[in-house]
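Peer 1: Just passing along the structure, written as structure tokens.
Throughout, read-outs are computed from the coordinates displayed, never taken from laboratory work. Just so it is clear, the model here is predicted, and its values are computed rather than measured. We place every Cβ from the backbone using ideal geometry, glycine too, and count neighbours over all the protein chains shown.
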Amino acid sequence: MKSFLLFLLFLLLPLAAIAEPKAVFAHYMVCIPTYGGNSSIADYQKEILDAQAAGIDGFALNCGGWSLREPHYKKRTQMIYQAAQELGTGFKLIMSVDFASGLTDEEFVDIVETVRSHPNQFRHKGKPVLSTFAGKGHQTEVLRKAFGDSVVYLPFYYPSPAAEMPNKKQVDQVFDLHGKDLDGFFHFGAAGTWQQMVNSNRLLADKWHAEGKLFMAGISPFYRGYRGNYRVYDYRGFEGVAAQWEGAIADNADFVEMVTWNDWGECSYFAPLPENAASCRLYNGNWGTLTSHAAYLKASRYYIAWYKTGRKPAIAKDAVFYFYRLAPKMVPANKNLKTDQVELALPAHSDKLPDDVFVTVFAKSAGTLTVFSGKTEKKFAVEAGVNHVSMPFEPGEQRFVLERRGKILIDKTGECAISADDPWNVFNMFSGDAVAK
């Protein structure tokens, strides 16, 4: 019997040897680095270290331009690759070519040629990996003509007509049109409900895996566009993000891309603000005053570890992560964001928003969380593990107290108060956290 088991182990060893580790990327908007358009190598390295601290393996660099109309894209991309190489921490990069902005075929080919041999280029089974936002079969033809099958191609192509959260029929349509020429697929997601994100990821994973292809799931924290794209989707704080992570784990997604690292205009950013600020204005206030989403990133560490190892991590420290908007949903805000261009309006889907404060508690063992919202308060029993709770918010300070057996472990007041009539962060979410000592 022992010899038979050893024989089986011998047969399985080659399979284990060729198994590729899972990896997590963050969708990085090259047009708007966190530290500004003149970011230095050191600035990019700060962002890389912030990402790696959360367990992120690399950035997917979104480039809507390259060398002709907007040559800063190529320059910044090369600097980010250089920053990763000089840092020496093993941070990987892939290109996410944005075909919504008029890139030429020649630029597309040059993007791939520029980075494909770089030591920090992410590879799958020895081949450089390439992704996209949008595109069509023409882009596949250009890539294959220039590079054959030497590149692992995982694009995000829209169905026709375009749908951000594809249903089964649309998933099948995209595969039927493009599947035979692709190595896999990426779900960009972001603009939709968290339930739609989970469902579209599942449908896409099922389809592409069944055909022996790769799948890269998208996971988003929140969404609020502005101006002509003035709409909002709320994921109940971290609860909907956790559901997306658990979905990607259940779907056995080959890779995950967090959408996004730094899209300030659509408020889908995981990146911490400079100096870990609770709020700030970037790029001369082009997107108004932004509020921190860093708690989405910090809480994701647990799920990133779970996704990559296949094992639910033990909770080493009690932690509280809190999320709330800064004004009630029926208070119109300035959709132009700039103070000199005021156009008060309610974003699409704002009627579906809950005026709640959301809290996610990572608890080592059972305890009690008390949430104080304005003049109201509510107690919640929390169990060992991850707990999601919520309550209607009231204007004023938001305070969070975690206790166990009469001992206060965490007592934290949110850095931003809720106003009854001043939606100064324009329906964006604010987040914060506290960790027990």
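Peer 1: Taking only Cα atoms and a 10 Å spring cutoff, compute GNM fluctuations for the chain and point out the largest among G37, G406, G192.
Peer 2: G406
Peer 1: While we're on this one: Be a star and scan the stretch 142-175 for residues whose amide nitrogen sits under 14 Å from the point 7 Å along the Cα-to-Cβ vector of R123.
Peer 2: Within reach of a label on R123: 150-152.
Peer 1: Just how large is the dipole of the stretch 319-435 about the Cα centre, in debye to the nearest 20, putting +1 at every Lys and Arg Cβ and -1 at every Asp and Glu Cβ?
Peer 2: For this selection, approximately 480 debye.
Peer 1: In the set [x] 23.9, 79; [y] 34.1, 141; [z] 22.3, 80, which value of Rg and Dmax of the Cα atoms in Å was calculated from the structure you see?
Peer 2: [z]
Peer 1: Using every Cα-Cα pair within the stretch 319-435, state what percent have a distance larger than 19 Å.
Peer 2: Of the Cα pairs, 48 percent sit more than 19 Å apart.
Peer 1: Next question, about the same structure. Counting only C-alpha contacts under 8 Å and six or more residues apart, can you give the relative contact order of the chain as a whole percent?
Peer 2: That works out to 13 percent.
Peer 1: Explain nothing, just compute: Karplus ³J(HN,Hα) = 6.51 cos²θ - 1.76 cosθ + 1.60, θ = phi - 60°, for every residue of the stretch 45-50 in order, whole Hz, x for Gly and Pro.
Peer 2: In residue order, the calculated couplings are 5, 4, 5, 4, 5, 4 Hz.
Peer 1: Tell me what the chain gives for mean residue ellipticity at 222 nm when only DSSP H runs of n ≥ 4 count, each as -39,500 (n - 2.57), the sum divided by the residue total, rounded to 500 deg cm²/dmol.
Peer 2: So the helix-based figure for the chain works out to -9000 deg cm²/dmol.
Peer 1: Next question. Sort out for me the Cα centre separation of the stretch 274-347 from the stretch 61-83, rounded to whole Å.
Peer 2: The stretch 274-347 and the stretch 61-83 have Cα centres spaced 26 Å from each other.
Peer 1: Cα axis of helix 294-309 to longest principal axis of the chain: angle in degrees, 0 to 90, nearest 10?
Peer 2: For helix 294-309, the angle is close to 40 degrees.
Peer 1: Please identify, among N229, N62, N334, the residue showing maximal mean-square fluctuation in a Gaussian network model of the chain using a 10 angstrom Cα cutoff.
Peer 2: In this elastic network of the chain, the residue with the biggest mean-square fluctuation among N229, N62, N334 is N229.
Peer 1: Now, a different point. What are the residues whose amide H is under 5 Å from the amide H of N428, where those residues sit 5 or more places off or on another chain and H is modelled from the backbone?
Peer 2: Those qualifying (amide H under 5 Å, at least 5 residues apart or on another chain) number zero.
Peer 1: Taking amide hydrogens as modeled 1.01 Å from N in the peptide plane, which residues meet the under 5 Å criterion relative to G288, leaving out close sequence neighbours?
Peer 2: Under 5 Å from the amide H of G288: no residue qualifies.
Peer 1: May I pose another question? For F393, list long-range residues whose amide hydrogen, built 1.01 Å from N in the peptide plane, is under 5 Å from its own amide hydrogen.
Peer 2: D356, V357
Peer 1: Have a look at L337, L203, Q78 and report the one farthest towards the positive end of the charge dipole of the chain, computed about the Cα centre with Cβ charges (Lys/Arg +1, Asp/Glu -1).
Peer 2: Positive-most Cα among the choices belongs to L203.
Peer 1: Which value, in debye to the nearest 20, gives the size of the charge dipole of the chain about its Cα centre, when Lys and Arg are +1 and Asp and Glu are -1 at the Cβ?
Peer 2: Magnitude of the dipole: close to 1080 debye.
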